[in-house]
Amino acid sequence: MIFPWKSALSIDKSRNTPVYLQIANQITKLIFNGNLSKGLKMPGSRALADELQVNRKTIIQAYDELIAQGWLFTDTSRGTFVSNKLPLLEARKLEATPPHEVKQDTIDHNNYNYIPSFKSKPKQFIEINDGSPDHRLAPIDWIYKECRSIARSNYGEHLLKYADVKGDITLRTELAQYLSETRGMPVTPENILITRGSQMGIFLLATTLLAPDKTAVVGNTSYDAADWTIQYSGAQLMRVTIDNEGLNTDELEALCKKQKVSLVYITPHHHFPTTVTLSNERRIRLLELSIKYNFLIIEDDYDYDFHYNSSPLLPLASLNLGGAHVAYIGSFSKIYAPTIRVGYVAASPQLIESLSRARRIVDRQGDQIVERVIAESIKSGELDRHLKKVIREYSHRKDHFYRLMQQHLKPHADFEMPEGGMAIWTIFKDQLKPHELLERANERGLHLNVDKKHVKEQNAMRLGFASLTPSEMDRAFDILKEII
């Protein structure tokens with residue numbers, strides 16, 4: 001039977017998404033949904049180009065992208081085929097699951113020793129953090145000029161009043177289209193809650209879905225603030241191994257067979273702190289497990305936009321057709337600057353409604369003026385222009401930082417060049433004690449603002465390069481060289 005490629009693949013040349021990515025994203029979903037089986041031979045690039053009435057180079061680009069992501073493979077003598085390594089999934093419609101009830105158990109919150117107190121950077125210090133953007137590159141003048149302009153406009157006074165707790169409808173509308181075009185996520189404004197950064201999204205999800213009788217799973221290395229939120233809820237925090245393909249889904253299934261899991265937290269691009277990318281096979285397997293054992297995946301895609309050599313893998317949320325098993329978190333704070341507290345959660349409308357009620361308790365609404373400016377940055381193309389600029393700059397900084405690491409740290413630590421993100425995961429060898437490095441660096445004017453837990457437990461640091469200029473990096477490594 002000949003597959004109806006022309007009707008299965010829809011191309012819209014008016015969209016911002018390149019045609020080759022539109023084709024690649026749709027083929028991804030056809031494979032995932034079981035419409036294209038493992039080992040199926042794909043049509044030749046010329047034949048498919050003729051059928052879709054596009055340039056052959058467009059099809060070759062789409063195939064190259066799918067091969068790079070692991071959906072297809074090429075046999076030079078036989079052609080291009082759907083990967084045999086992907087786990088089998090039954091094509092099914094994901095039914096929306098009702099939001100979990102919030103238990104009214106009394107929890108003792110008198111002591112939060114697991115959360116360290118915040119200490120600001122000392123003045124006159126160079127700082128290497130664990131992967132933050134450079135606020136000096138952000139279009140702050142443009143942002144606050146737009147804020148003043150909008151506030152003084154005829155409709156601006158309405159944005160100064162109480163409004164929808166879910167966030168500015170203009171931003172939710174623009175964001176829904178943006179997520180559809182850039183991440184292949186079939187969402188509408190009803191799927192989106194605007195938050196004050198990604199951490200609020202994690203907190204709302206954990207406190208809405210968890211209680212002392214529930215279990216949440218994270219990696220054996222994990223984002224500390226997510227761990228704190230789960231501990232705050234009183235839920236049992238369980239860990240599974242993170243290896244070079246990301247979260248170990250075999251371990252996760254073994255755990256699911258023993259006890260009920262309510263929530264799994266992941267950072268797929270790239271795992272925090274180790275920067276490893278969750279492989280395509282593991283993504284599909286994780287989504288399959290979420291359906292089978294009925295748990296929610298929090299997909300914290302904090303640095304999706306920051307890739308330097310290839311396109312990122314599509315989020316799990318783009319494959320979760322009903323939206324019932326994945327809550328996707330993103331933030332503009334990583335794109336612009338930490339002070340721009342605008343993030344979002346994309347999930348099923350039922351879950352968004354529950355999260356909105358929880359958010360109503362702690363924060364009546366966000367900053368509608370800033371939210372409207374973020375919407376304008378998407379609509380006007382300012383966001384895309386800024387991203388192109390900083391990705392180019394961060395790529396240069398990554399290369400320079402990596403060269404300095406090879407020059408000064410290579411004999412004393414193990415590390416690899418990351419394919420994206422803003423930091424390099426560095427595991428120190430026994431002869432160099434990272435806790436001593438922290439102390440001595442601080443004495444010499446270099447503030448290593450990293451997670452002390454990783455230093456203590458993994459003998460490692462997550463060293464960020466994005467917020468430093470090359471000259472600042474040179475000064476920082478001169479200090480490290482003296483200490484070593």
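The values are calculated or read from the model by the stated rules, or taken from the named source; none is laboratory data. Since we're looking at a predicted model, the values are computed, not measured. For neighbour counting, all protein chains shown are included, and Cβ atoms are generated from backbone atoms with ideal geometry for every residue, glycine included. Accessible surface is based on the protein model in full, side chains and every heavy atom, while ligands, DNA and RNA are left aside. Shrake-Rupley method; radii C 1.70, N 1.55, O 1.52, S 1.80 Å.
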Inset, instruction - Could you list which residues have their amide H under 5 Å from that of Ala466, counting only those 5 or more apart in sequence or on another chain, with H placed in the peptide plane? - result: Ser132
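Dipole of the chain, Cα-centred, from +1 at each Lys and Arg C-beta and -1 at each Asp and Glu C-beta, to the nearest 20 debye? Don't skip to the answer; put the middle values down first.
Numbers: 61 positive and 59 negative charges, 101 e Å.
Taking the Cα centre of the chain as origin, the dipole is about 480 debye.
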Inset, instruction - Nearest 5 is fine: what % of DSSP beta bridges in the range 257-354 come out antiparallel, could you say? - result: 35
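Please give the peptides 385-394, 54-63 ranked by average Cβ packing (other Cβ atoms within 10 Å per residue), highest first, as a rough proxy for protection. Numbers along the way, then the final one.
Values: 385-394: 14.9, 54-63: 18.3.
Ranking the peptides 385-394, 54-63 by packing returns 54-63, 385-394.
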Inset, instruction - Per residue of the range 293-305, in order, report the coupling 6.51 cos²θ - 1.76 cosθ + 1.60 (Karplus, θ = phi - 60°) as ³J(HN,Hα) in whole Hz, putting x for Gly and Pro. - result: 9, 6, 10, 9, 9, 8, 9, 8, 9, 5, 10, 3, 6
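From the Cα gyration tensor of the range 140-193, with a ≥ b ≥ c the square roots of its eigenvalues, which class applies: rounded if a/c is under 1.5, or else prolate if a/b is larger than b/c, or else oblate?
Oblate, because a/c is 1.5 or more while a/b does not exceed b/c.
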Legend entry - Residue-by-residue Karplus 3J(HN,Hα) for the range 258-274, coefficients 6.51, -1.76, 1.60, Hz, glycine and proline x: 8, 8, 6, 9, 9, 8, 10, 9, 9, 10, x, 10, 10, 3, 9, x, 6
Legend entry - 5 Å-binned pair-distance histogram of the range 324-429 (Cα, whole percent): 2, 9, 13, 15, 14, 13, 12, 9, 7, 4, 1
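Restricting to bridges with both residues inside the chain, how much of the DSSP beta-bridge set is antiparallel, in percent to the nearest 5? Mind dumping the intermediate values first?
Numbers: 24 of 43 bridges.
That works out to approximately 55 percent antiparallel.
Can you tell me which of 181-188, 371-378, 433-440 comes out highest on packing, and rank the rest after it, using the mean Cβ neighbours within 10 Å? Please report the intermediate quantities before stating the final value.
On the way: 181-188: 18.6, 371-378: 22.9, 433-440: 15.5.
Final packing ranking: 371-378, 181-188, 433-440.
Which value, in Å to one decimal place, does the Kirkwood hydrodynamic radius take for the range 407-484 when every pair of different Cα atoms is included?
Details: mean 1/r = 0.0774 Å⁻¹.
So the Kirkwood estimate lands at 12.9 Å.
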Legend entry - Integer Hz, Karplus 6.51/-1.76/1.60 couplings in order for the range 134-143, x for Gly and Pro: 8, 5, 5, 8, 6, x, 4, 4, 5, 4
Inset, instruction - Beta carbons within 10 angstrom, averaged per residue: use that to sort the peptides 462-475, 287-300, highest first. - result: 287-300, 462-475
Legend entry - Rotationally averaged projected area of the chain (alpha carbon convex hull; nm²): 25.3
Inset, instruction - May I ask you to list the aspartates and glutamates whose Cα is less than 13 Å away from that of Lys38, ignoring any residue fewer than eight positions away on the same chain? - result: Glu90, Glu281
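Can you give me the accessible area per residue for the range 374-484, using a 1.4 Å probe, in Å²?
Numbers: 5300 Å² over 111 residues.
Normalised by residue count, the accessible surface of the range 374-484 is 48 Å².
What number, in percent, do you get for the relative contact order of the range 267-313 if the mean sequence gap of Cα pairs under 8 Å and at least 6 apart is divided by its residue count? Before the final figure, lay out the partial values.
Numbers: 33 pairs, mean separation 20.2, N = 47.
Result for the range 267-313 is 43 percent.
Please work out whether the range 1-76 counts as rounded, prolate or oblate from its C-alpha gyration tensor, where a ≥ b ≥ c are the square roots of the eigenvalues and a/c under 1.5 means rounded, while otherwise a/b larger than b/c means prolate and anything else oblate?
Working: a/c = 1.33, a/b = 1.29, b/c = 1.03.
Note, shape of the range 1-76 comes out rounded.
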Legend entry - Residues whose placed amide H lies under 5 Å from that of Gly343, excluding near-sequence neighbours: Thr195, Arg196, Gly197, Phe332
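Given the alpha-carbon gyration tensor of the range 261-342, what are the semi-axes of its equivalent ellipsoid in whole angstrom, ordered largest first, with each equal to the square root of 5 times an eigenvalue? Could the numbers behind the result be given before it?
Values: eigenvalues 105, 46, 24 Å².
They are 23, 15, 11 Å, listed from largest to smallest.
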Inset, instruction - Using Cα centres only, tell me the gap between the range 319-395 and the range 21-56 in whole Å. - result: 31
Legend entry - Among beta bridges that DSSP assigns inside the range 189-289, antiparallel share in %, nearest 5: 20
Legend entry - Pairs from Lys389/Lys481; Lys456/Lys481; Lys6/Lys41; Lys85/Lys257; Lys260/Lys456 whose Cα-Cα separation, in the structure shown, is over 27 Å: Lys389/Lys481; Lys260/Lys456
Inset, instruction - May I ask you to list the aspartates and glutamates whose Cα is less than 13 Å away from that of Lys452, ignoring any residue fewer than eight positions away on the same chain? - result: Asp130, Asp224, Glu436, Glu439
Inset, instruction - For the range 198-276, just the Cα atoms, rotate onto the principal axes and tell me the three extents in Å, largest first. - result: 31, 31, 13
